[in-house]
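Notes to accompany the following structure.
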Amino acid sequence: MANTLGIVKPDGVRRKLVGKILTKIEEAGLILRGLKVLKLTKVDAEKFYAVHEGKPFYKPLVEFMTSGPIVVMVIGGHASIERWRDVMGATDPAKARYNTIRRDYGTSIEKNVVHGSDSPETARMEVAFFFREDEILPKEAK
Ligand code: UDP
Ligand code: MG
């Protein structure tokens with residue numbers, strides 16, 4: 001029952017998709033355990049995407065991720081990491097399954113509206129990147 005990190009990227013916030021994305025999370029039976037609106041600094045965006053440093057899309061990605069406010073979410077529930085990635089769809093919206101967020105709302109492989117952690121280890125790191133322990137709703141909370 002590990003938590004995962006979700007982000008509505010600047011394109012999603014700009015296009016007023018936050019409500020629709022939260023609805024998808026609720027309808028999937030996932031649990032919202034933390035929520036913030038913020039704007040990433042360049043330094044933080046570089047740190048957050050450090051695994052991609054050196055790749056051709058790294059600099060434009062950092063630029064894009066700092067281009068406007070984002071919404072960061074702690075998402076819990078059974079198999080939250082896999083299930084949130086399933087609700088998001090594949091990285092490239094053109095290749096994502098129908099009825100996924102990226103397929104329905106993504107406009108390019110970069111501007112794909114949402115982020116989700118990809119493993120238990122990255123989920124732990126990414127949640128801690130944005131949230132203190134006391135900002136996350138405990139699992140036993142009803
Ligand atoms: N990205 C990109 N071009 C690529 C691959 C990725 O612009 O060829 C961007 C895209 O926004 C993606 C992010 O970099 O969501 C992180 O890439 P990753 O491979 O981790 O995909 P994800 O885990 O987000 O599906
Ligand atoms: Mg990734």
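No value in this document is a laboratory result; all are computed from the given coordinates. Keep in mind the model is a prediction, meaning the values are calculated, not measured. Cβ sites come from the backbone with ideal geometry, for glycine too, and all protein chains shown count toward neighbours.
Just a few scattered comments:
- Cα gyration tensor shape for region 31-81, rounded if a/c is under 1.5, else prolate or oblate: oblate
- Hull volume in cubic angstrom per residue (convex hull over the Cα atoms of the chain): 104 Å³
- The alpha-carbon of Lys47 sits under 24 angstrom from the alpha-carbons of these lysines, leaving out residues fewer than 8 places away in its chain: Lys9, Lys36, Lys39, Lys55, Lys59, Lys111.
- Where chymotrypsin sites (Phe, Trp or Tyr not before Pro) in DSSP loops with at most 12 other Cβ within 10 Å are excluded, longest remaining stretch of the chain: 1-56
- Translational D in µm²/s for region 64-142 (Stokes-Einstein at 37 °C, 0.692 mPa s, Kirkwood Rh from C-alpha pairs): 238 µm²/s
- Remark: the His78-Glu27 segment gains 17.0 nm on full extension, using 0.36 nm per residue and subtracting the alpha carbon distance.
- Per-peptide average of other Cβ atoms within 10 Å, ordering 111-118, 87-94 highest first: 111-118, 87-94
- Summarising the amide proton neighbourhood of Ala79: residues at separation of 5 or more, or on other chains, whose placed amide H is nearer than 5 Å comprise Ala2.
- Taking amide H as placed 1.01 Å from N in the peptide plane, the amide H of Leu32 sits under 5 Å from that of Gly76, each at least 5 places away or on another chain.
- Neighbours of Asn99 by Cβ distance under 13 Å: Lys/Arg scored +1, Asp/Glu scored -1, total +2.
- Taken about its Cα centre, the chain carries a charge dipole of roughly 460 debye when the Cβ of each Lys and Arg holds +1 and the Cβ of each Asp and Glu holds -1.
- The calculated FRET efficiency for His52 paired with Ala141, based on their beta-carbon distance and R0 = 30 Å, is about 0.30.
- With R₀ fixed at 35 Å, the C-beta to C-beta distance from Thr107 to Phe129 puts the FRET efficiency at about 0.85.
- Residue-by-residue Karplus 3J(HN,Hα) for region 2-15, coefficients 6.51, -1.76, 1.60, Hz, glycine and proline x: 6, 7, 10, 9, x, 9, 8, 6, x, 5, x, 5, 4, 8
- Residue of Pro60, Pro69, Pro120 that the Gaussian network model of the chain assigns the largest fluctuation, springs spanning Cα pairs under 10 Å: Pro60
- Helical mean residue ellipticity (222 nm; -39500 (n - 2.57) per DSSP H run of 4+; nearest 500) of the chain: -10500 deg cm²/dmol
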